[in-house]
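To keep things clear, I will list the structure first and then write my remarks on it.
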Amino acid sequence: MAERKPAEGAQMSAKTTATGKKADGFTAEERAAMKERAKELKAEARASKDKAAGESAVLEAIAAMTEPDRAMATRLHEIVKVSAPDLTPKTWYGMPSYAKDGHVVCFFQSAQKFNARYATLGFSDAANLDEGAMWPTSFALKELTATEEAKISALVKKAVS
């Protein structure tokens, strides 16, 4: 049977690219993160935003990390708890995050989970970090020194102000 070509001007299937090759879609890591997020949403509904359950989930996620991500996430967790004790810890796409009124304000993303060369401290649009017409919303973390810890503490305090 001869290969059938689409009629001129016809739209191609979402599963193919403009060159006619199949698109790979989401990576295995991205699919795993989406599945993890679906599990988290179900757990959130059951726990009814229970702070203790969120804390437990965050500590579990941190314990599952490899070094040096585990050490950074542990220290970051302590900094956020001291800087903004009203934030509720919870996992978000399998990573530690901290929410205000149910909305994630900041999160940690390990380097290892997505094969990146650095971990990330990110802030959502719920964070009050606006500075003019442009401001950073995520930061690369290679290590945490006293200088970075002070900057993070100030950012978290500003984010919830």
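The values are calculated or read from the model by the stated rules, or taken from the named source; none is laboratory data. What you see is a predicted model, and the numbers here were worked out from it, not measured in a lab. Reconstructed Cβ throughout: ideal geometry from the backbone, glycine too, with neighbour counts over all protein chains shown.
Values for this structure:
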quantity: Of residues in the stretch 101-137 being out of contact with any Cys (no Cβ under 9 Å at 6 or more places or on another chain), modelled with pLDDT of 95 or more and assigned to a strand (DSSP E or B), the one farthest from Ala61 (Cα to Cα); calculated: Val105
quantity: The lone exception for Thr145 - which of (1) without any contact (Cβ under 8 Å) to a residue 24 or more places away in the chain; (2) more than 28 Å from Arg31 (Cβ to Cβ); (3) hydroxyl-bearing (Ser, Thr, Tyr); (4) in contact with a helix residue (DSSP H, G or I) (Cβ under 9 Å, 6 or more places away or on another chain) it fails; calculated: (4)
quantity: Qualifying residue in the stretch 101-113 (condition: of a type in the set (Gly, Ala, Ser), under 14 Å from the mean Cα position of the chain (by Cα) and surrounded by fewer than 16 Cβ atoms within 10 Å (Cβ to Cβ)); calculated: no
quantity: Single unsatisfied condition, Leu59 versus (1) within 26 Å of Lys35 (Cα to Cα); (2) buried (at least 21 other Cβ atoms within 10 Å of the Cβ); calculated: (2)
quantity: Residue list for the stretch 90-100, restricted to those being assigned to a strand (DSSP E or B) and over 13 Å from Glu55 (Cα atoms); calculated: Lys100
